[in-house]
Amino acid sequence: MPVLTHRLARLDDLPDLRSLMQRAIEGLQRGYLTPAQIRTSHKVMGLDTQLVHDQSYFIVEREGRIAGCGGWSWRATLFGGDDSVVARAPAALDPTTDAARIRAMYTDPAFVRQGVGSAIIALCEGAARAHGFRRAEMMATLAGVPLYTAHGYRPIEPFTTDPIDGVTVPLIRMGKDLA
């Protein structure tokens, strides 16, 4: 199997990343969410370009093709993208008391179960540790819970989005010690 490579995302990657996210939400949430919840997910999930500007958003590639993406953050925002209806908080976190945020992880459906998600988690955790964080938290989709659990993340609390056009999306806040 060809090797996975990685790099930091650039602004010129944004159209490709948005396309990948669309495919991932549409393809990988089936079986976990209703069609209405999948449609609503596009209004709660997505690309937060602050992560690209902060140089904390990774792209994993296989043979030059983007296989997945994801990032970490030292900012308070737990989830939500540029175009989402979710409020974001750009305040800086304190690595001695706060948990780093694992954010916006997506795998292209053509590359699932090939180590892409695991590679992104390792990159994010390594970067968060290098910045002094001892814990990480994320807001996980139901489809992502098995991957995150396999990497040592544990549920903190279930979460449901506020209704959007009468539809809510279930998520799970998860955390892990990085020490």
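Tabulated data for the structure shown
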item	result
Among the candidates 159, 133, residue that is of a type in the set (Phe, Trp, Tyr) and part of a loop (DSSP other than H, G, I, E, B)	133
Options 103, 88: the member that is in contact with a strand residue (DSSP E or B) (Cβ under 6 Å, 6 or more places away or on another chain) and under 19 Å from residue 160 (Cα atoms)	103
Pair list, Cβ < 9 Å and 6+ apart or interchain, from segment 45-72 residues that are free of Cβ contacts under 8 Å to residues at least 40 places away in the same chain and within 16 Å of residue 10 (Cβ to Cβ) to residues that are of a type in the set (Ser, Thr, Tyr) and buried (at least 18 other Cβ atoms within 10 Å of the Cβ)	49/57; 54/73
Qualifying residue in segment 30-43 (condition: touching a Pro at 6+ places or on another chain (Cβ under 7 Å) and of a type outside the set (Ser, Thr, Tyr))	no
Segment 90-130 - residue that is over 18 Å from residue 16 (Cβ atoms), among the hydrophobic types (A, V, I, L, M, F, W, C) and in a strand (DSSP E or B) and, of those, farthest from the chain's Cα centre (by Cα)	92
For residue 130: the one exception among (1) without any contact (Cβ under 8 Å) to a residue 60 or more places away in the chain; (2) among the small types (Gly, Ala, Ser); (3) within 20 Å of residue 60 (Cα to Cα); (4) crowded, with 16+ Cβ neighbours inside 10 Å	(4)
Residues of segment 15-50 satisfying the condition of being surrounded by 15 or more Cβ atoms within 10 Å (Cβ to Cβ), of a type in the set (A, V, I, L, M, F, W, C) and assigned to a helix (DSSP H, G or I)	17, 20, 21, 24, 25, 28, 38
Subset of segment 1-14 (residues that are more than 11 Å from residue 66 (Cβ to Cβ) and either part of a helix (DSSP H, G or I) or not hydrophobic (A, V, I, L, M, F, W, C) (or both))	2, 10, 11, 12, 14
Conditions (1) within 20 Å of residue 129 (Cα to Cα); (2) in contact (Cβ under 8 Å) with a residue 12 or more places away in the chain: number failed by residue 94	(2)
Tally of residues being crowded, with 16+ Cβ neighbours inside 10 Å and either outside any strand (DSSP E or B) or not acidic (Asp, Glu) (or both) across segment 55-87	23
Positions within segment 61-75 being among the acidic types (Asp, Glu) and under 10 Å from the mean Cα position of the chain (by Cα), in sequence order	none
Residues satisfying the stated conditions in segment 163-179, i.e. in a loop (DSSP other than H, G, I, E, B) and either in contact with a helix residue (DSSP H, G or I) (Cβ under 6 Å, 6 or more places away or on another chain) or in contact (Cβ under 8 Å) with a residue 24 or more places away in the chain (or both)	165, 168, 169, 178, 179
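FYI, it's all coordinate maths here, none of it is from the lab. Given the structure is predicted, the values throughout are model-derived calculations rather than measurements. In this analysis, Cβ positions are derived from the backbone assuming ideal geometry, glycine residues included, and neighbour counts consider all displayed protein chains.
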